[in-house]
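Okay, structure first, notes after.
The values are calculated or read from the model by the stated rules, or taken from the named source; none is laboratory data. Source: prediction; values computed, not measured. Counting neighbours? That spans all protein chains shown, and the Cβs are built from the backbone with ideal geometry, glycine included. Areas reflect the complete protein model, heavy atoms only, side chains present, ligands, DNA and RNA absent. Shrake-Rupley method; radii C 1.70, N 1.55, O 1.52, S 1.80 Å.
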Amino acid sequence: MRIQLAGRSPLLRRLWSIEPEAGSMVLDTRRLTFASPLDLAAIVALARSAAARGERVKLIAPRDHNVASYLERLDVISNLPPDMEVVGDLGGGPRVDLADRLLEVAHLTPEHAARLVDRVGRMFARHYGRVGLRYFQGVGELIDNAVSHGVSDLGAFVAAQVYTGATSGRRGIEFAVCDTGVGIRAHLRRNPANQHLVDDVTALEKALRPGVTGTEERRGHGLNDLWRAAPDAGFARLLLRSGEGLANVVSHGGARRPTCVPAAGDVAGTWAWLRVRPY
């Protein structure tokens, strides 16, 4: 399979270019101009999943020197499978310490979850205080879902960024986690009450309802728990990809607008991306 990642934040869009290529995974980022935390974590998840299936894996580096350097700076390259081929110049150069604003791509496993959760919490609180801790509640729900429901031998991959608004004028946080588990539909169907879920779009619609679970236990409110971080905290957007489905939920002023649609590609596991901005 050849996946072309072009333009700004391509994996946040419904469609991305995929071409068949037997026995291999080629991640072509030559035309990438900006990578969101979702793009960063998903590149690693795609590469590691393909390698685990025994496929040959290759990354074609961005032509834009700054973007290529960014992939290296955010530890995308160091998290790729060790025998993966990388084509092109990655830029290199000195590495500036931006630990207070960036969470480089990190491998999320049950053993490492507490350390990553602590770092993200401190990063958000430093810039946003009590509001940052509310943002962190939403991120914590996504981490918990990845660790408890998306568990697999490969684990999951996370990335995050705090935007101070100094250059863009738009403050906020972005967080992404890409697990390599069974995916939302298969997880929900573990509960006999959800056996009717025959496609990924329907499964995403169900997963966004309060109280939905893949077990027969009464526990929490599912993905709706993360919205407790958004009321009076500004604008929030959640994007989920699982299988051949995509869910996009926008929350503003306490009102939420979910949209679930078919999407190009078949995502193994679940990808989640959260953006929150203050008013």
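Any residue that is of a type in the set (A, V, I, L, M), more than 15 Å from the chain's Cα centre (by Cα) and modelled with pLDDT of 85 or more - is there at least one of those in segment 242-255? Before the answer, list the steps.
Our first condition is that a residue be of a type in the set (A, V, I, L, M); within segment 242-255, this holds for 246-247, 249-250, 255.
Restricting the remaining residues to those that are more than 15 Å from the chain's Cα centre (by Cα) gives 250, 255.
Then keep just the ones that are modelled with pLDDT of 85 or more; that gives 250.
The answer is yes, given that some residue of segment 242-255 is of a type in the set (A, V, I, L, M), more than 15 Å from the chain's Cα centre (by Cα) and modelled with pLDDT of 85 or more.
Can you tell which of Val139, Val131 is open to solvent by less than 30 Å² (accessible area, probe 1.4 Å) and either assigned to a helix (DSSP H, G or I) or farther than 20 Å from Thr164 by Cα (or both)?
Values: Val131 fails: open to solvent by less than 30 Å² (accessible area, probe 1.4 Å).
Exactly one of Val139, Val131 is open to solvent by less than 30 Å² (accessible area, probe 1.4 Å) and either assigned to a helix (DSSP H, G or I) or farther than 20 Å from Thr164 by Cα (or both), namely Val139.
Cβ-Cβ distance below 9 Å, separation of 6 or more or different chains: which pairs start in segment 171-191 with a residue that is open to solvent by 20 Å² or more (accessible area, probe 1.4 Å) and end on one that is among the basic types (Lys, Arg) and in a loop (DSSP other than H, G, I, E, B)?
Val182/Arg190
Determine if segment 37-54 includes at least one residue that is in a strand (DSSP E or B) and open to solvent by 10 Å² or more (accessible area, probe 1.4 Å). Spell out the reasoning first.
Restricting attention to segment 37-54, the residues satisfying the condition of being in a strand (DSSP E or B) are none.
Within segment 37-54 (the criterion being in a strand (DSSP E or B) and open to solvent by 10 Å² or more (accessible area, probe 1.4 Å)), the answer is no, since none of the residues qualifies.
Step by step: first the residues of segment 2-25, then only those that are modelled with pLDDT of 90 or more and more than 19 Å from the chain's Cα centre (by Cα), then the one that is nearest to Thr259 (Cα to Cα). Which residue is that?
Of the residues in segment 2-25, the ones modelled with pLDDT of 90 or more are 2-12, 24-25.
Subset that is more than 19 Å from the chain's Cα centre (by Cα): 2, 24-25.
Values: Arg2: 28, Ser24: 33, Met25: 30 Å.
Across segment 2-25, the extreme among qualifying residues is Arg2.
For the condition in contact with a His (Cβ under 8 Å, 6 or more places away or on another chain) and open to solvent by 10 Å² or more (accessible area, probe 1.4 Å), what is the one hit in Asp89, Asp75, Asp64? Step through it out loud before you land on a result.
On the way: Asp75 fails: in contact with a His (Cβ under 8 Å, 6 or more places away or on another chain); Asp64 fails: in contact with a His (Cβ under 8 Å, 6 or more places away or on another chain).
Result: Asp89 is the single residue among Asp89, Asp75, Asp64 that is in contact with a His (Cβ under 8 Å, 6 or more places away or on another chain) and open to solvent by 10 Å² or more (accessible area, probe 1.4 Å).
Tell me, yes or no, whether segment 268-275 has at least one residue that is modelled with pLDDT under 90, among the aromatic types (Phe, Trp, Tyr) and either in a strand (DSSP E or B) or surrounded by fewer than 21 Cβ atoms within 10 Å (Cβ to Cβ) (or both).
No: zero hits.
Which of (1) over 15 Å from the mean Cα position of the chain (by Cα); (2) within 22 Å of Gly172 (Cβ to Cβ) does Ala42 not meet, given it meets every other one?
(1)
Can you confirm whether Asp28 is touching a strand residue (DSSP E or B) at 6+ places or on another chain (Cβ under 9 Å) and surrounded by fewer than 18 Cβ atoms within 10 Å (Cβ to Cβ)? Spell out how you get there, then give the answer.
Details: touching a strand residue (DSSP E or B) at 6+ places or on another chain (Cβ under 9 Å): yes; surrounded by fewer than 18 Cβ atoms within 10 Å (Cβ to Cβ): no.
So Asp28 fails the test.
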